[in-house]
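The values are calculated or read from the model by the stated rules, or taken from the named source; none is laboratory data. The shown structure was predicted, so the numbers you read here are calculated from the model rather than taken from an experiment. FYI the Cβ positions are ideal-geometry reconstructions off the backbone, even for glycines, and counts take in every protein chain you see.
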Amino acid sequence: MNVTAQEPSAEKLAKLRQALEDYAEGAVDNPLFDHEAEEIKAEVRARALRLLDERARSRHELCERLVKLEFAKPVIEDVLDDLASVGLINDELFASEWVRQRHARRGKSARALNQELIRKGISSSVRAQALEQIDDDDEEAMAWTLAVKKAKSIKHPPADRAERDKALRRIVGVLARRGFNEGMSLNLARRALEQRCEELGTSQE
């Protein structure tokens, strides 16, 4: 299984499985389980662990899913505190992996990734730290790669200005959908289109 921002690591899976085993055996000393409140927390905890076993989630995401399942919010918060205390919920790690994976594999810009993390309830300070992985050079290099890839889909040089503008809009659209800024997107799209037309044997002049 490939590890992605949506998938737990082997280490995390081992932790999760051990936690579930301890739960089934009623491990007295395991910090995940408070036996005084076990009766009301057990179902919430088991469901939370199953959700985390599916893929990595932020605390906010996990809370939302459990609320939708109609568990009591105070019990949910207690369970999430338990999971966070043993490292099974870690928004810093989650945000860092989310940015790294989705920038590299999906070509998302820092701006787009910031919006995604906002929707996942990640705090501004944690978002800022995670996004430090992407600098301006990274942004431009990724945008250029995407522009060139889209330009390769052009099989014939534009016959006139209208066709050229249509091709340019398509390249810009790919970058815009990934959150790259308009000015850079337009400049790179023009360069990529010109390069493609030169490969096809015609100039943009």
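Tell me which helices (runs of 4 or more DSSP H) are completely within region 59-161 and hold 2 or more residues being more than 30 Å from LEU200 (Cβ to Cβ) and outside the structural domain of ILE171 (by TED's automatic domain parsing), or say none if there are none.
Filter on region 59-161 gives 59-68, 73-85, 91-106, 110-119, 124-131.
With the condition kept exactly as written, say whether any residue in region 165-183 is among the β-branched types (Val, Ile, Thr), in contact with a helix residue (DSSP H, G or I) (Cβ under 7 Å, 6 or more places away or on another chain) and modelled with pLDDT under 95.
No.
I'm trying to understand the selection: among the residues of region 24-57, which are small (Gly, Ala, Ser) and at pLDDT below 55?
Hits for region 24-57 are ALA24, GLY26, ALA27.
Can you confirm whether region 173-180 contains a residue that is surrounded by 14 or more Cβ atoms within 10 Å (Cβ to Cβ), charged (D, E, K, R) and in a loop (DSSP other than H, G, I, E, B)?
yes
What number of residues in region 78-101 are within 21 Å of THR145 (Cα to Cα) and surrounded by 20 or more Cβ atoms within 10 Å (Cβ to Cβ)?
Residues in region 78-101 being within 21 Å of THR145 (Cα to Cα) and surrounded by 20 or more Cβ atoms within 10 Å (Cβ to Cβ): 2 in total.
Say we look at region 106-128 and pick out the residues that are over 29 Å from LYS149 (Cβ atoms) and touching a residue at least 40 places away in the same chain (Cβ under 8 Å); which of these is surrounded by the fewest Cβ atoms within 10 Å (Cβ to Cβ)?
Restricting to residues being over 29 Å from LYS149 (Cβ atoms) and touching a residue at least 40 places away in the same chain (Cβ under 8 Å), the top hit is GLY121.
Considering VAL148, VAL86, VAL67, which residue is more than 30 Å from LYS166 (Cα to Cα), over 11 Å from the mean Cα position of the chain (by Cα) and in contact (Cβ under 8 Å) with a residue 40 or more places away in the chain?
Selected residue: VAL86, the only one of VAL148, VAL86, VAL67 that is more than 30 Å from LYS166 (Cα to Cα), over 11 Å from the mean Cα position of the chain (by Cα) and in contact (Cβ under 8 Å) with a residue 40 or more places away in the chain.
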